[in-house]
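See structure below.
What follows is calculated from the coordinates using simple rules that are stated; it is not laboratory data. No experiment lies behind these values; they were computed from the predicted model shown. Because the Cβ atoms are built from the backbone with ideal geometry, glycine has one as well, and the counts that use them run over all protein chains shown.
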Amino acid sequence: ASAAVLQDAEKRGGAARGGPPAAVEKLDLKPPKGTRDVFPEDMRLRNWLFGHWRGVASSFGFEEYDAPVLESESLYTRKSGEEVTQQLYCFEDKGGRRVSLRPEMTPSLARMVMAKRKSLTLPVKWFSIPQCWRYERMTRGRRREHYQWNMDIWGVSGVAAEAELLGAMVTFFERVGLRAEDVGIRVNSRGVLTEVLHSLGVPGDKHTATCVLVDKLDKMPLEAVAGDLAELGLEETSVKRLLEVMELRDMGGVEAFLGKESPAAEELRKLFALAESYGISDWLVLDCSVVRGLAYYTGTVFEAFDRRGKLRAIAGGGRYDALLESFGGEALPAAGFGFGDAVIVELLSDRGLLPKEAGPGATAVVFGWDDELQGAATEVAASLRREGISVDLVLQPRKTKANFKHATRVGATYVVMVAPSEWEAGKVSVKDLRTSDQKELPVGEVASHILAGDVA
Ligand SMILES: OCc1cccc(Br)n1
């Protein structure tokens, strides 16, 4: 046994033999490629952002839901060449199942709606802030995970659903100090494109793949996509016609191109009229080049962008009425958007709108004069916490000056000091850092003094 013990100790650094510790391989302190640690100061920013997302969702009557970050890969194996399905963070688990970290939330939501379909009261207005993943070759050092605010409405076939979603998105922008001069939301309907494709004789089953290809046009030259479009049966004249309709930027143009009876023109007219009622017209821009890259969109699509044109899309969404059928379920109309946590922070930072105040530290820092008074300080801290006061209790002796410096750094309002002579008299010293006012109080009066909170 002793040999085994020594061998084990050798592994743990040979200390058992009293010899010099063997070289222990230093842990790599970085998180996995494409992921981020969230230290307290980062978490304060995240909580601020999510707090606004949650606040808007609840003010619009949306209910929060969640789903596993791990899903069956089959949820995402759509054959439409979308980037999001080509970068799945997928693998085979120990049970031989093909699974994937979710690249988006909508398929999980669709699965949940199908599972509960019979018991759901429609319309369903649900929101979630899931962490979503992609496995992108780290050529560009981009992130492999982000948090994405999802807002979805199920069971409403009219554009009132999209208007409500746009209203919520604009409400968020306004709450964080952005204006219509900073951010626009491009609005279109895939119906515009499919009506043109129909008039060009392109069969309906090619429309989705065409939209996914057309979406790539703002990221790559026409030549790079023309071949694939030709494979879908779009000769040059048809592609030219498509490009013309994508140039349209006003309803007059759309109606001239598609005819006044066009269903797509009708739904866009209705959406812009409702936007007027929400008071968000200044935020919206009709832009027929917008198709978005997700295959399952069937009608309206929209994306928020920074008007200075420096950043990638801030958020995106649209109508996806056929998603349940694609999962073998009964049709149910749906519309929603996804809003990532990366671009919005870049935009707010550019505009000087990130929250400045340090996070809300504890209200009071409590410390004992010396180690003998640690128990006393703990009693005081416990009594204040029982009254609902947040207390940062100093856990080991430290110079008084350092305790005050710490209190200022964490943004505490009070410092409560337990000193020997006062403690014998049943008192402690309470300093209000806002006014520097300091008083000795009986222990039993400290909580009410702090809760009164009035600046002396
Ligand atoms: O925007 C697409 C996407 C999906 C998952 C993770 C990240 Br980062 N980005």
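Residue-wise HN-Hα couplings along the range 427-440, as the Karplus relation 6.51 cos²θ - 1.76 cosθ + 1.60 with θ = phi - 60° gives them from phi, are 10, 9, 9, 10, 10, 8, 5, 6, 10, 6, 5, 10, 9, 8 Hz; Gly and Pro carry x. All alpha carbon pair distances within the chain were sorted into 10 Å bins beginning at 0; the resulting P(r) in whole percents reads 4, 16, 21, 19, 14, 12, 9, 5, 1, 0. With a Förster radius of 56 Å applied to the C-beta separation of residue 87 and residue 402, the computed FRET efficiency comes to 0.70. Within the P(r) computed for the range 292-350, what percentage of the Cα pairs occupies the region above 14 Å? Summing the P(r) tail past 14 Å for the range 292-350 gives 58 percent.
Looking at the range 144-201, I'd like the Rg to Rh ratio, where Rg is from alpha-carbon atoms and Rh is Kirkwood's inverse mean 1/r.
Details: Rg = 15.6 Å, Rh = 14.3 Å.
Ratio of gyration radius to Kirkwood radius for the range 144-201: 1.09.
Based on alpha-carbon centroids, what's the gap between the range 291-364 and the range 39-104 in Å, whole number please? Value for the Cα centre distance between the two parts: 13 Å. Rounded to the nearest 20, the Cβ-based charge dipole of the range 346-424 about its Cα centre (Lys and Arg +1, Asp and Glu -1) stands at 320 debye.
Peptides 387-400, 97-110, 286-299 ranked from most to least packed by the mean count of surrounding Cβ atoms within 10 Å: 286-299, 97-110, 387-400. Take every Cα pair under 8 Å whose residues are at least 6 apart in sequence, average their separation, divide by the length of the chain, and the relative contact order is 12 percent. Of the peptides 82-89, 61-68, the order by per-residue mean of other Cβ atoms within 10 Å, starting with the highest, comes out as 82-89, 61-68. The shape of the range 383-456 comes out rounded: with a ≥ b ≥ c from the C-alpha gyration tensor, a/c is under 1.5. Helix content alone sets the calculated 222 nm mean residue ellipticity of the chain: runs of n ≥ 4 DSSP H residues at -39500 (n - 2.57) each, divided across all residues, give -11500 deg cm²/dmol. Taking amide H as placed 1.01 Å from N in the peptide plane, residue 366 has its amide H under 5 Å from the amide H of 392, 393, 394, 416, each at least 5 places away in sequence or on another chain. Remark on residue 286: its backbone amide H falls under 5 Å from those of 187, a criterion applied only to residues 5 or more positions apart or on other chains, H modelled at 1.01 Å from N. Cα convex hull, the range 239-383: 256 Å³ per residue, rounded to a whole number.
The range 173-193 and the range 202-257 have Cα centres lying 23 Å from one another.
Beyond 30 Å in Cα-Cα separation lie the following of the pairs 33/116; 206/270; 33/399; 33/216; 356/431: 33/116; 33/399. For the range 357-456, the share of DSSP beta bridges that are antiparallel, to the nearest 5, is 55%. Taken along its three principal axes, the alpha carbon spread of the range 143-275 comes to 47, 43, 32 Å, from the longest extent down to the shortest.
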